[in-house]
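No value in this document is a laboratory result; all are computed from the given coordinates. Nothing here was measured: the structure is a model prediction, and the numbers come from that model. So basically every Cβ, Gly included, is an ideal-geometry build from the backbone, and we count neighbours across all protein chains shown.
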Amino acid sequence: MAKKRLEDPARRFRDAEPPKTVKPGLKRAVNVSVDAGILDMAKGMNINLSRVLEQALSDLTAEERARRFYEENKASIDAYNAFIEKHGTLAEAYYGKGAFDDPSV
């Protein structure tokens, strides 16, 4: 097997997640119930209900996936943070403890 080189095209990991965006045209019709007053206002403002629902669902699912990832990996994240607190990073060992501190943050 040949070594991978920098100019070789990138390839996805086997367990990589599918793309977050759905290709146009892959839509499904759904029925939703919406407060009549809000619906009338949105229609009066020419708000695209489908686009608003898609964006809201996209945002909510991204937040939920991030929350679940953190919960599933909390033990590892905490262990890593404790290790760094105790031993520092390699960069700190080479450049000094405060070399990368940014006081403006």
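Which ³J(HN,Hα) values, rounded to whole Hz and listed in residue order, are derived for the range 93-98 from phi using the Karplus coefficients 6.51, -1.76 and 1.60 in 6.51 cos²θ - 1.76 cosθ + 1.60 with θ = phi - 60°, glycine and proline given as x?
Taking θ as phi minus 60°, the curve returns 5, 8, 9, x, 4, x Hz for the range 93-98.
When the dipole is taken about the Cα centre of the range 36-94, and only Lys, Arg (+1) and Asp, Glu (-1) are charged at their Cβ, what size is it in debye, to the nearest 20?
Dipole size: approximately 140 debye.
Starting from the Cα-Cα distance between Ala99 and Asn31, subtract it from 0.36 nm times their residue separation and give me the gain in nm to one decimal.
Taking Ala99 through Asn31 to full extension adds about 18.8 nm, to one decimal.
Can I get the semi-axes of the range 36-94's equivalent ellipsoid? Compute them from the C-alpha gyration tensor as square roots of 5 times the eigenvalues, in angstrom, largest first.
46, 13, 8
Report ³J(HN,Hα) in whole Hz for each residue of the range 39-55, in order, from the Karplus equation J = 6.51 cos²θ - 1.76 cosθ + 1.60 where θ = phi - 60°; Gly and Pro get x.
Whole-Hz 3J(HN,Hα) from phi for the range 39-55: 4, 4, 5, 4, 5, x, 9, 6, 7, 7, 5, 4, 5, 5, 5, 4, 5.
Using the basic label-point model (7 angstrom from Cα toward the beta carbon), what is the Arg67 to Lys43 distance in nanometres?
Going from the Arg67 label point to the Lys43 one covers 3.3 nm.
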